[in-house]
Amino acid sequence: MKILNVAGARPNFMKIAPIMAAMGRNARIDPMLVHTGQHYDQRMSDLFFHQLGIPKPDVNLGVGSASHAVQTAEIMKSFEPVLLEHRPDAVLVVGDVNSTIACGLVAVKLGIQLIHVEAGLRSFDRTMPEEINRLLTDSISDLLLCSEPSGVENLRREGVADSKIHLVGNVMIDTLVKNRERAQQSPILEDLGLTAGEYVVLTLHRPANVDDATVLGRLLDAFEAIDRDCPIVFPVHPRTRNNLAKLGLSERIEGLTNLRLIEPAGYLDFLRLMSSAKAVLTDSGGIQEETTILRVPCITLRPNTERPITAEIGSSRIVGNDPAKIIEAWQSIQSNTWPTPQVPLLWDSHAADRIVTVISG
Ligand code: UD1
């Protein structure tokens, strides 16, 4: 079976790495890799390929940044000739970024089977571009591989046939478990002068949090309060850096005494940073899951989550962008009342093998 795998943006890379490796171990599968180029900076892309040992993509579409419509359309235009040339038996897409739906749509229109990894996740918030990508990709997929039980329930409720749905576990955790020891070699803590257990990691990039001056300003109120208690290390996504400058907030954030703005971190540095943190504040999806395994409290700066298991077991608390709620969660960490979570079902570092078994089955 020739399977064409797609990766486009940073959160795809840690998912595609173990899938490519597991496919490489299976004699019945001939994997190919296409990078759409949605993310293209060295620190947002190449570094991950290098650190995670992902093979060099067979094709890079090089689409780059643009509005949602233009980016999605450019990916579709340049992906179609690749499919026509290589005629794979199936296309595999991961996650919920624009590359996921763009490539999925091209595949099904050419009559090629579509496999979606991380299917069924729902935030039930259609203002989130990723929710639209998730709904659309799932509605056209032939094989829907879920990371947590809520994904299976959502798909069943939407009328997807049981025969198409498989709970395979969380492939991103495969990557985390594989690299956890190695990440301990990263010198990032020493380089930044941080002490394990005595700092907070912050990430922020969702349009809903970083595109509006009032919202971002309120988040800064909360960070100011935490900054008085504890150092904060903030690897800044390019979109957030641009917006801080555009919205006139760069000076304010740079003025926080204990807050360190750093470039986007590579996988190993970031894993080391998260592993030893007192807490993580984030609006990312994947980080809610990674902190669950690392047993580091995660304050989720969003009004909802498509990964409800992390909130159900208590590893992550959904607080939105209200400074009072953020500070309340922070105080609960300070007073050691955060629960120690159970590991969710099948987050056991073998998800990629299960994916390959289902596909080649
Ligand atoms: C995308 C995903 C989001 C994911 C995030 C992780 C969609 C709809 N969103 O959001 O789900 O959580 O990736 O990072 O697909 N930029 C650079 N260099 C890069 C990439 C982006 O400078 O390598 C800047 C550009 O100014 C660009 C902006 O970041 O316009 C946004 O990039 P884009 O890929 O459109 O969306 P993300 O916000 O990264």
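Which three semi-axes in whole Å describe the equivalent ellipsoid of the chain, each the square root of 5 times a Cα gyration tensor eigenvalue, listed largest first?
On the way: eigenvalues 222, 92, 79 Å².
Rounded to whole Å, the semi-axes are 33, 21, 20.
To the nearest 0.05, what FRET efficiency results for ASP322 and GLN342 with a Förster distance of 41 Å applied to their C-beta separation?
On the way: r = 28 Å, r/R0 = 0.69.
My answer for the efficiency is 0.90.
Which FRET efficiency value, to the nearest 0.05, is calculated for LEU110 and THR257 with the Förster distance at 51 angstrom and r the Cβ-Cβ distance? Don't skip to the answer; put the middle values down first.
Details: r = 56 Å, r/R0 = 1.10.
Given R0 = 51 Å and the Cβ-Cβ separation, E is 0.35.
Find how many whole Å separate the alpha carbon centroid of the stretch 240-315 from the alpha carbon centroid of the stretch 161-176.
24 Å
Report the paramagnetic label zone for VAL177: residues of the stretch 114-154 whose backbone N is under 15 Å from a point 7 Å from Cα along the Cα-to-Cβ axis.
Label zone hits: 147-148.
Arrange the peptides 157-169, 234-246 so that the one whose residues have, on average, the most other Cβ atoms within 10 Å appears first.
234-246, 157-169
Please find the FRET efficiency linking ASP89 to THR214, where r is the Cβ-Cβ separation and R0 is fixed at 56 Å, and quote it to the nearest 0.05.
My answer for the efficiency is 0.65.
Can you tell me the alpha carbon radius of gyration of the stretch 182-334 divided by the globular rule-of-thumb value 2.2 N^0.38 Å? Don't skip to the end; give the middle numbers.
Numbers: Rg = 14.3 Å, N = 153, 2.2 N^0.38 = 14.9 Å.
So the stretch 182-334 has a normalised radius of gyration of 0.96.
Once the piece of chain linking SER250 and ASP162 is laid out straight, how much longer is it, given 0.36 nm per residue of separation minus the C-alpha distance between them?
Details: separation 88, 0.36 × 88 = 31.68 nm, distance 5.00 nm.
Stretched out fully, the SER250 to ASP162 stretch lengthens by 26.7 nm.
Compute the acute angle (0 to 90°) between the alpha-carbon long axis of helix 129-140 and the principal axis of greatest extent of the alpha-carbon atoms of the chain; round to the nearest 10°.
20 degrees
Spin-label point model (7 Å from Cα, Cβ direction): what's the ASN60 to ASN242 distance in nm?
About 1.9 nm separates the two model spin labels.
Coordinate-derived values only; no laboratory data. All of these numbers come straight from a predicted model, not from anything done at the bench. Positions of Cβ are backbone-derived with ideal geometry, glycine not excepted, and every protein chain shown enters the neighbour counts.
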